[in-house]
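Following: one structure in structure tokens, then a few remarks.
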């Protein structure tokens, strides 16, 4: 059975709507973070470090699927801002662990507040129970998708480098 569509309207598509909203959310997050002097990828690494304090640079890069050269550049940028610091790895003289500095923890807190602001604005049209329902449904979809794709829980795929996307995103 085929449906006739109004040329001015999009077909009802979960994938399209998620993509459209994701595009908008990414743009809004980029603007909010730029006001704090951060980029999306930097925020992603700060977020990961907040939960994996002291991870080795090599292990974090592998977890994010970021090439060593790009990981060094990402870490160098955050280190130059005083937000993270490299420390000698306690068990491997050739490796470093990476941790948030006090300034990094504060910047991460500000970035999270900016993220909450973006979410609040996006969810403004929803009642609190509708937001809770939407979040539950999105988590269900994400959990199933992550299991199939082998995704790193809590890490946005925009942080990752993949063979099928340009490396300078």
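Descriptive notes on the structure:
- Residue check, residue 60 in contact (Cβ under 8 Å) with a residue 24 or more places away in the chain, buried (at least 16 other Cβ atoms within 10 Å of the Cβ) and on the phi < 0 side of the Ramachandran plot: yes
- Any hit, segment 95-115, residues being in a loop (DSSP other than H, G, I, E, B) and under 17 Å from the mean Cα position of the chain (by Cα): no
Here is a yes/no grid of residues against (1) surrounded by fewer than 14 Cβ atoms within 10 Å (Cβ to Cβ); (2) under 30 Å from residue 17 (Cα atoms); (3) at pLDDT 90 or above:
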| site | (1), (2), (3) |
| --- | --- |
| 43 | no, yes, yes |
| 67 | yes, no, no |
| 90 | yes, no, no |
| 100 | no, no, yes |
| 114 | no, yes, yes |
| 128 | yes, yes, yes |
| 133 | yes, yes, yes |
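- Breaking point among (1) modelled with pLDDT of 90 or more; (2) closer than 30 Å to residue 17 by Cα; (3) surrounded by 14 or more Cβ atoms within 10 Å (Cβ to Cβ), for residue 78: (2)
- Members of segment 50-59 that are in a helix (DSSP H, G or I), more than 11 Å from residue 85 (Cα to Cα) and more than 14 Å from the chain's Cα centre (by Cα): 58, 59
- Filter result (touching a residue at least 60 places away in the same chain (Cβ under 8 Å) and either part of a helix (DSSP H, G or I) or within 22 Å of residue 106 (Cα to Cα) (or both)) within segment 66-81: 70
The values are calculated or read from the model by the stated rules, or taken from the named source; none is laboratory data. Not measured: the values here are computed from a predicted model. Every residue, glycine among them, receives a Cβ derived from its backbone with ideal geometry; neighbour counts consider all protein chains shown.
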